[in-house]
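Let me begin by presenting the structure, written as structure tokens, before commenting on it.
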Amino acid sequence: MIIFQRCIFKRVLQQFYAGSQETSGSLLRGLPTLNGHRSESNLAGVRERTLIAVKPDGVQRRLVGQIIQRFELRGFKLVGLKMLQVSEDLLSRHYSQLTGKPFYPDLVKYMTSGPVVVMVWEGYNAVQTSRAMVGLTNPADAQAGTVRGDFSIHVSRNVVHASDSPEGAQKEIQLWFQGQELLNWDCCYHNITCEL
């Protein structure tokens, strides 16, 4: 409720300083509803989406909550989340560029060894920022403070996957999620943290 009140106050101040003579009813337009199911954000550029997957070693080590917390604290909005046992067919489509590599059978064995938690996060510059948060693929090269730098030791068990480009993210999201599994909702924190 406090967040909603802050959003209303911020909207009133914006209208006041803009010199607008709108009524109080129109001041509420664009704010999130209490049930959280509005569909569009008013800010351009904050709707970029990326796919983040906590791999079996991350799930086994109970790191899912800490990884989610990092993205929430960063200001991203969670729009899709599920846990699943990944099929070899899905993996072959996800890692299509790696199927001919000598390490591919070990990758499939690892990724099917336990459940995976897959998420779609939305926010300003989500793909590039998420890649920076996750860290380099080889944990030995990943900086402290990144997911891999803090939680991973070896490249074969690097805890998490993050989309590498907006185009790649779109393809991966469509591969892992059906349209109705993703929620469109307005978060007033975007209006607070992403003034562009």
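For ASP106, ASP186, write out the residues from largest to smallest accessible area, computed with a 1.4 angstrom probe and no ligands counted.
ASP106, ASP186
Could you tell me, in Å, what Rg and Dmax come out for the Cα atoms of segment 37-160?
Considering segment 37-160 through its Cα atoms, Rg and Dmax are 15.1, 47 Å.
Going Cα to Cα from LYS109, which lysines come in below 17 Å? Please leave out same-chain ones fewer than 8 positions away.
Straight-distance partners of LYS109: LYS55, LYS101.
Give me the accessible area per residue for segment 104-196, probe 1.4 Å, as a whole number in Å².
For segment 104-196, the per-residue accessible area is 50 Å².
Taking θ = phi - 60°, what integer Hz values does the Karplus form 6.51 cos²θ - 1.76 cosθ + 1.60 yield along segment 131-141, in sequence order, with x for Gly and Pro?
4, 5, 5, 6, x, 5, 4, 8, x, 5, 9
Of ARG62, ARG157, which has the most accessible area and how do the rest follow, probe 1.4 Å?
Greatest to least solvent exposure: ARG62, ARG157.
Whole-Hz Karplus ³J(HN,Hα) for segment 96-103, in order, using 6.51 cos²θ - 1.76 cosθ + 1.60 and θ = phi - 60°, x for Gly and Pro?
Result, rounded to whole Hz: 4, 6, 10, 4, x, 6, x, 8.
The values are calculated or read from the model by the stated rules, or taken from the named source; none is laboratory data. Just so it is clear, the structure is predicted and the values come from calculations on it, not from any experiment. Surface areas here come from the heavy atoms of the whole protein model, side chains and all, with no ligands, DNA or RNA. Shrake-Rupley method; radii C 1.70, N 1.55, O 1.52, S 1.80 Å.
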